[in-house]
Each structure stands twice: as C-alpha cells, then as structure tokens.
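Colleague: Structure in structure tokens, see below.
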Amino acid sequence: MRIRTDNKIYRRTDGRWCVSYYDTTENSKRHYIYGKTKNEVKTKLAKLESEATETAVKDMPKKSQIKRKAIDENNAHNDLVQEAAEATELKSVQETADEQSEHSINVLTENRDSTRNNEGAKWTLQSWLAYFLKNYKQNEIKETTFDSYMGIYRAHILNTDIGRCKLSELNSDNLQMVYNGMTKDGYNAKTVRHVFILINMALKKAVKLRYIDENANDFVTLPKKKRFEGKALTAEEARTIFDKAKEEKLYPVVALTLCTGMRKGEVMALKWENINFRDRELHVEGNLCRVRESNAGGRSKYVDKVLEPKSAKSIRTIPLTEKALEALLIQKQRQDEIKEKYKVVYDDQGFVFTEVDGSLLRQKGFMEEYHVFLKKYGISDIRFHDLRHTFATLLFEEGESAKVIQELLGHSTITITMDIYTHVSKKGKKNAISKLDNLF
C-alpha cells in the first residue's frame with residue numbers, strides 16, 4: 001500500500017476531526033481517517049504512513065534478487081536463441097534426409113524398372129513359355145495336361161515369328177495377327193483358344209514378376225467358339241449291336257461302354273478287381289492315357305500309361321445292367337482261353353481288355369477294328385466317345401434326371417452334362433412338340 005495526503009486536518013460539522021488520503025495502489029481511491037481530537041487523527045495518519053513505508057520497502061527487490069532476475073532473463077533469452085538454432089538445424093537435417101530418401105526411392109525405382117526392362121528384353125516368348133511350363137506348371141498339373149501344353153507349344157509357338165518375339169516387344173497387334181492367321185489357315189476356334197490360354201498363363205506370370213507392364217493378351221479378340229455336338233446311336237442301332245454282334249471280338253468293350261457311359265480310357269484301364277459281380281457294379285478308378293516320355297538320350301516317345309481319372313468326380317461306382325454283366329462274362333471266358341493258349345508269353349496284369357500277351361490294348365489297332373465293326377453292321381460311323389454320348393442321350397430321352405446322369409458319367413458339374421452330352425434326338429424333339437396338340 002502506498003498513500004498520498006495533503007496533511008490537511010480539519011474539523012467536521014459533527015465535531016469530529018478528519019484527514020483524507022489516497023492509496024495509489026488502488027487507482028488513487030480516496031480514504032478518510034477520523035478522530036475525536038486533532039492529535040488522534042495525526043497519530044493515526046503517522047501510523048498509517050509508517051505501515052505503508054514498511055510495506056513498500058518489503059516489496060522492493062533486493063540487489064541480489066535484481067541481479068539474479070537479470071541472469072535468469074538472460075539465460076531464458078539464450079535458451080530461446082539456442083532452441084531456435086536447433087529447430088533451424090533440425091529442419092535442415094530433416095529436409096536433407098527427405099531429399100536423400102526421395103533420391104533413394106528414385107534410385108530403387110530406376111533399378112527396379114531397369115531390372116524389369118532387362119528381363120522383358122532378355123526373354124523371348126518361346127524361351128519364357130518353356131521356362132514357365134517347366135518351372136511353374138509341371139508340378140501342379142496332371143502329366144497329360146502338361147503334355148498337351150507342350151504339344152501346343154511345339155506346334156504353334158516354337159521357332160515361329162511370335163515365338164522369337166521379345167516379351168518387351170510383344171503387343172496385342174502381333175498376337176491378334178497370330179490368332180487371325182490360325183483361323184485363316186483353317187484351325188478351329190477351340191485350337192485357337194488353346195494357344196491363347198497357354199500364352200495368357202505365361203504372360204500373366206510375367207506381369208506378376210514385373211518383367212512386363214501389361215498382358216497384351218488382354219486386348220485381343222478371339223473367334224467365336226462353336227458348340228460341338230457329338231453324334232449318338234439310335235435305340236435301334238444300339239439294339240443291333242446287342243442282338244447281332246455278340247460273336248465279334250469287340251462286342252464286350254462296345255457293349256460295356258454303351259451300358260455304362262465310361263470314357264474309352266476308363267474302359268481300357270478297367271481291371272477285374274474293379275468289378276463286383278455279386279453286387280452287380282463296377283468301380284472306376286483309372287484312366288488309360290498316352291503320355292510323352294523321354295529316354296536317357298533325350299529322345300521322347302508316346303507310351304500308354306494308366307493314370308488317375310480325369311477329375312475327383314470321375315472316381316465313381318456304376319451299377320451293371322444284365323447286358324453289361326453278360327458282356328463282361330463273355331470277355332472273361334475269352335480271356336481265360338487266351339491265357340491258356342498263350343500261357344508262355346501271357347503277362348497277366350489284371351486288365352479286362354488286353355492283347356493276346358496280356359498287355360494293354362494298342363489304341364491304333366483297336367480303333368481300326370472299331371470302325372470296321374460299325375461298318376459291318378450298318379451302324380453310323382461315330383467316334384468311340386460317342387458311345388458315351390449315346391448312353392447319356394438314351395437315358396435323357398427316357399426321362400432320367402440330369403443329376404443322376406451326371407453322377408453316372410462322372411462329370412465335375414451338372415452344367416457339362418446338360419451342355420455337352422444330352423443331345424436330344426429328332427424323335428425327342430417331335431415328342432416334345434407333339435405335346436402342344438394337347439394344349440390347343
């Protein structure tokens with residue numbers, strides 16, 4: 001508290017003595033001191049002034065305090081200066097680090113792009129396809145599928161203009177010319193698509209490995225695939241086989257196929273142990289295929305080999321009809337006679353249909369005999385696989401469900417059964433249309 005007064009003591013009208021003063025710490029607010037006598041007012045004023053002086057001295061900072069305050073203020077200033085300098089330096093370091101990081105990323109990107117471009121320029125389509133099939137596909141697909149891919153590769157890619165083209169130079173235009181050229185040369189749409197699929201798999205892998213930027217096959221147009229419809233024997237032609245051809249050598253295999261719808265490879269791979277005569281059923285668990293094998297000298301040839309069936313659904317059990325059982329019993333009797341006649345050279349491997357020495361039926365000779373067999377009895381010259389079509393078609397015309405037919409044929413999906421094998425005959429179409437007569 002600090003006071004200011006004019007020391008003018010006066011007597012009020014009420015008889016009391018008074019003096020006024022100002023407290024400068026309270027914005028000069030006026031205060032009053034009262035007393036009964038003038039001396040009493042003087043004493044109170046003196047006491048108040050004394051207290052105000054002590055308070056002012058007490059509040060006044062000492063010299064050491066002033067010095068310390070100055071030092072602290074100076075240190076604070078220095079700290080601010082240092083912090084500002086450090087912040088500036090940190091910003092500079094960060095900017096340098098960012099620049100270095102960006103430079104490193106650019107270098108890595110350039111190196112990656114350079115590596116990618118080098119790989120794209122290094123591989124030709126034919127060299128990459130061969131490497132891709134050997135290292136990425138062979139161990140994950142069936143042996144027959146791999147042989148099929150290699151056959152397409154040798155026939156349509158190896159030592160061709162497109163095969164010698166670098167991956168980095170491959171584009172949709174030159175691929176489109178290949179597919180158009182195949183169509184012009186008479187290849188069907190299915191073959192063209194097989195070539196497309198093979199190239200497409202290899203290019204997709206090259207994109208994934210960043211050897212090329214994009215798959216040029218994504219931008220081509222393929223010829224429209226025509227739906228293939230196999231032929232089927234009529235019911236009359238099927239009866240001709242059962243009634244008149246029992247003495248023929250091929251009767252058992254043809255009759256069994258007509259009664260079971262098995263694939264040719266499944267029939268040829270059938271063993272006696274797969275047949276349960278008591279329960280009148282057989283179990284399909286093998287498929288005879290022609291596969292390419294290489295010898296020690298590097299030469300390769302095709303050999304017959306029993307592999308797993310086409311799909312998991314192909315492993316199935318098929319009930320046997322009377323005619324199927326009859327055909328198997330005929331074959332069993334004939335085979336026993338051959339075993340006795342050629343017992344010196346006969347190698348019994350358990351197969352149902354064999355050559356005279358017990359080995360698997362030779363496919364070329366078998367098919368020649370098959371076509372002679374059909375011609376002899378005036379039956380349509382159809383593929384052996386069309387016996388399977390006949391089985392499905394006849395069941396379909398008799399009103400059997402597509403689901404049951406699918407399971408008997410061993411198709412992976414019912415769509416295949418509906419789209420490929422259930423060819424409706426002219427008789428079936430006429431019967432369907434004739435139902436309209438009952439409506440009109």
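Colleague: Looking only at the range 323-342, decide whether some residue is of a type outside the set (Lys, Arg) and in a loop (DSSP other than H, G, I, E, B). Even if it seems obvious, please write down each step before you answer.
Modeller: So the first thing to find is which residues in the range 323-342 are of a type outside the set (Lys, Arg), and the list is 324-331, 333, 335-338, 340, 342.
Of the ones still in play, those that are also in a loop (DSSP other than H, G, I, E, B) are 342.
Yes.
Colleague: Applying the selection to the range 280-314, what residues are assigned to a loop (DSSP other than H, G, I, E, B) and either in the same structural domain as ASP147 (by TED's automatic domain parsing) or modelled with pLDDT under 95 (or both)? Before the answer, list the steps.
Modeller: Within the range 280-314, the subset assigned to a loop (DSSP other than H, G, I, E, B) is 280, 285-286, 295-299, 308-311.
Correct list: GLU285, GLY286, ASN295, ALA296, GLY297, GLY298, ARG299, GLU308, PRO309, LYS310, SER311.
Colleague: Which of the residues spanning the range 229-247 are in contact (Cβ under 8 Å) with a residue 40 or more places away in the chain, outside any helix (DSSP H, G or I) and not small (Gly, Ala, Ser)?
Modeller: GLU229, LYS231, LEU233, THR234, LYS246
Colleague: Sort out which residues of the range 214-228 are within 21 Å of ASP173 (Cβ to Cβ) and touching a residue at least 40 places away in the same chain (Cβ under 8 Å), and write them in order of number.
Modeller: ALA216, ASN217, ASP218, PHE219, VAL220, THR221, LEU222, PRO223
Colleague: While we're here: Return the residues of the range 184-200 that are closer than 15 Å to ALA155 by Cα and either touching a residue at least 24 places away in the same chain (Cβ under 8 Å) or assigned to a helix (DSSP H, G or I) (or both); say none if nothing qualifies.
Modeller: Across the range 184-200, the qualifying residues are ASN188, LYS190, THR191, VAL192, ARG193, HIS194, VAL195, PHE196, ILE197, LEU198, ILE199.
Colleague: Might you let me know whether the range 201-208 holds any residue that is in the same structural domain as HIS389 (by TED's automatic domain parsing), in a helix (DSSP H, G or I), surrounded by 14 or more Cβ atoms within 10 Å (Cβ to Cβ) and among the hydrophobic types (A, V, I, L, M, F, W, C)?
Modeller: Going through the range 201-208, the residues in the same structural domain as HIS389 (by TED's automatic domain parsing) turn out to be none.
Taking every residue of the range 201-208 in turn, none turns out to be in the same structural domain as HIS389 (by TED's automatic domain parsing), in a helix (DSSP H, G or I), surrounded by 14 or more Cβ atoms within 10 Å (Cβ to Cβ) and among the hydrophobic types (A, V, I, L, M, F, W, C).
Colleague: Further, regarding this structure: Are any residues in the range 146-157 surrounded by fewer than 15 Cβ atoms within 10 Å (Cβ to Cβ) and either of a type in the set (A, V, I, L, M) or outside the structural domain of HIS194 (by TED's automatic domain parsing) (or both), and if so, which ones?
Modeller: Going through the range 146-157, the residues surrounded by fewer than 15 Cβ atoms within 10 Å (Cβ to Cβ) turn out to be 151, 154-155.
If the condition is that a residue be surrounded by fewer than 15 Cβ atoms within 10 Å (Cβ to Cβ) and either of a type in the set (A, V, I, L, M) or outside the structural domain of HIS194 (by TED's automatic domain parsing) (or both), then ALA155 is the only one that fits.
Colleague: A follow-up question, please. Taking GLY358, is it part of a loop (DSSP other than H, G, I, E, B) and small (Gly, Ala, Ser)?
Modeller: Yes; evaluated as a whole, the condition is true for this residue.
Colleague: Could you say whether any residue in the range 161-169 is surrounded by fewer than 17 Cβ atoms within 10 Å (Cβ to Cβ) and either under 20 Å from the mean Cα position of the chain (by Cα) or over 14 Å from TRP128 (Cα atoms) (or both)?
Modeller: yes
The values are calculated or read from the model by the stated rules, or taken from the named source; none is laboratory data. The structure presented is a predicted model; accordingly, all values stated were derived computationally and were not measured. Reconstructed Cβ throughout: ideal geometry from the backbone, glycine too, with neighbour counts over all protein chains shown.
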